[in-house]
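The values are calculated or read from the model by the stated rules, or taken from the named source; none is laboratory data. Fair warning: this is a prediction, and the values are worked out from it, not measured in the lab. Neighbour counts are summed over all protein chains in view; Cβ atoms, including those assigned to glycine, are modelled from backbone coordinates with ideal geometry.
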Amino acid sequence: MKGIFVTISLVCAVFAVSVFAQDEIIFQSDFEKGTQPWEKRGASIGTTKKEAAGGKKSLRVSGRRDTWQGAQLNVTKLLQKGKQYKFTVSVKLAKKQSPDEIKMTMERGNNNYSQIAAANANADGWTTISGSFSPTGSDPYLLLYLEAAGARTSYFLDDFKIEGASLIPKQEGLLHKSDFEDFTAQDWIPFGNGVQMFSSKPLGSSRGIRIAGRSKSTDGIALDLSPKFYKDRTYKLSISVRLTKGQKPDSLRLGVQQTAPDGKKTYVEVAPYKEATDADWITLEGDYSVTTLGNNLLIVVQAKGATTSFLIDNFELSAP
């Protein structure tokens, strides 16, 4: 079979006509590794193992002598003008403290304050405080702080989080299709050292891509569609596969390699190994739920046999 090494181009169909807001984590503190970047605000602060809403530690605020005293966080560089942010924190009073109101407030320069949220807390369990704030851009600095209505109330903070709303497209129907009829790879790439791809038209069928030169079961072919994927959404993936002429029956699978922001790679199986031959096309398909904000999500097709050569065609990514 004569092959032509493919070049790269992009063919896709997108049906996205509207947008909506989805929260993304801008900053979070669990106090497992210390107090930074939190600072004391006329009080004493420090991590402790005595209480924790999640993990093993929390931040203890004590030694207060006035209502404004507590713990503060400089968020000036974290927030953008005109954007809406959600602030969430878990609070619990220290033992023997009477129930009290804990307030989350933004200091917007000297003598300018905006209360974000408040909640009644006690020493029996954790209470969640949550509220929103949108900076105007005219304030010289922004200091978020938590205080208690009682001047001498001691309390714990944990699982603090700032989320920002970002506009992302509403996705419906077919989002991407690869049919290889233009004689190009349409952004598919070799996955593994020594792997080669060739434009191919087997047995009079429509044009596809032939994968050869594999030396490991993890080798194959991949497509990076990271811009199409959004965290906490589920997508349907489908692709036609078969073995090249003369190959013994083998099993192929479809999955996604996720690379998280910290660089950790994980493999998510979308369609488990399915037996294929060199005589007929089969379909690998399944649902994929995105669980990471990482920007490197590779769709991968692999064969169980380390050296098996195979073909792909008619890949589709769609949203419900």
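Of the numbered criteria (1) basic (Lys, Arg); (2) in contact (Cβ under 8 Å) with a residue 60 or more places away in the chain; (3) within 30 Å of Glu24 (Cα to Cα), the one Arg108 fails is (2).
So, Lys96, is that one modelled with pLDDT under 95 and under 31 Å from the mean Cα position of the chain (by Cα) or not? Criteria not met by Lys96. Ala276 passes every criterion in (1) touching a residue at least 40 places away in the same chain (Cβ under 8 Å); (2) crowded, with 20+ Cβ neighbours inside 10 Å apart from (1). Assess whether Gly150 counts as being at positive phi and over 29 Å from the mean Cα position of the chain (by Cα). For Gly150, the condition - at positive phi and over 29 Å from the mean Cα position of the chain (by Cα) - is not met. As a summary of the residue check, Ala123 satisfies the conditions (1) within 20 Å of Glu163 (Cα to Cα); (2) in contact with a Leu (Cβ under 6 Å, 6 or more places away or on another chain); (3) in a loop (DSSP other than H, G, I, E, B) except for the one numbered (1).
Any residue that is modelled with pLDDT of 95 or more and within 27 Å of Glu172 (Cβ to Cβ) - is there at least one of those in the stretch 300-310? Yes, the stretch 300-310 contains a residue that is modelled with pLDDT of 95 or more and within 27 Å of Glu172 (Cβ to Cβ). Filtered by the rule that a residue be part of a loop (DSSP other than H, G, I, E, B), hydrophobic (A, V, I, L, M, F, W, C) and surrounded by 19 or more Cβ atoms within 10 Å (Cβ to Cβ), the stretch 127-167 gives a lone residue, Leu142. Condition check for Gly255 on (1) assigned to a strand (DSSP E or B); (2) free of Cβ contacts under 8 Å to residues at least 40 places away in the same chain: one failure, at (2). For the stretch 249-266, a residue qualifies if it is surrounded by 14 or more Cβ atoms within 10 Å (Cβ to Cβ) and within 15 Å of Val300 (Cβ to Cβ), and the qualifying residues are Ser251, Leu252, Arg253, Leu254, Gly255, Val256, Gln257, Gln258, Thr259. Select from the stretch 269-320 the residues that are among the β-branched types (Val, Ile, Thr) and not in a strand (DSSP E or B) and write down the one among them that is farthest from Lys177 (Cα to Cα). Among them, the one singled out is Thr307. Per the listing Lys96, Lys92, the residue uniquely exposed (fewer than 13 other Cβ atoms within 10 Å of the Cβ) and either closer than 23 Å to Phe133 by Cβ or out of contact with any Cys (no Cβ under 6 Å at 6 or more places or on another chain) (or both) is Lys96.
Of the residues Thr218, Thr244, Thr234, the single one that is within 22 Å of the chain's Cα centre (by Cα) and not basic (Lys, Arg) is Thr234.
Residues in the stretch 224-239 that are buried (at least 19 other Cβ atoms within 10 Å of the Cβ) and either outside the structural domain of Glu269 (by TED's automatic domain parsing) or at pLDDT 95 or above (or both): Tyr235, Leu237, Ile239.
Among the residues of the stretch 74-92, the ones that are closer than 19 Å to Tyr155 by Cβ and within 25 Å of the chain's Cα centre (by Cα) come to 4 in all. Checked against the criteria, Lys170 counts as surrounded by fewer than 17 Cβ atoms within 10 Å (Cβ to Cβ), farther than 30 Å from Gln97 by Cβ and not hydroxyl-bearing (Ser, Thr, Tyr).
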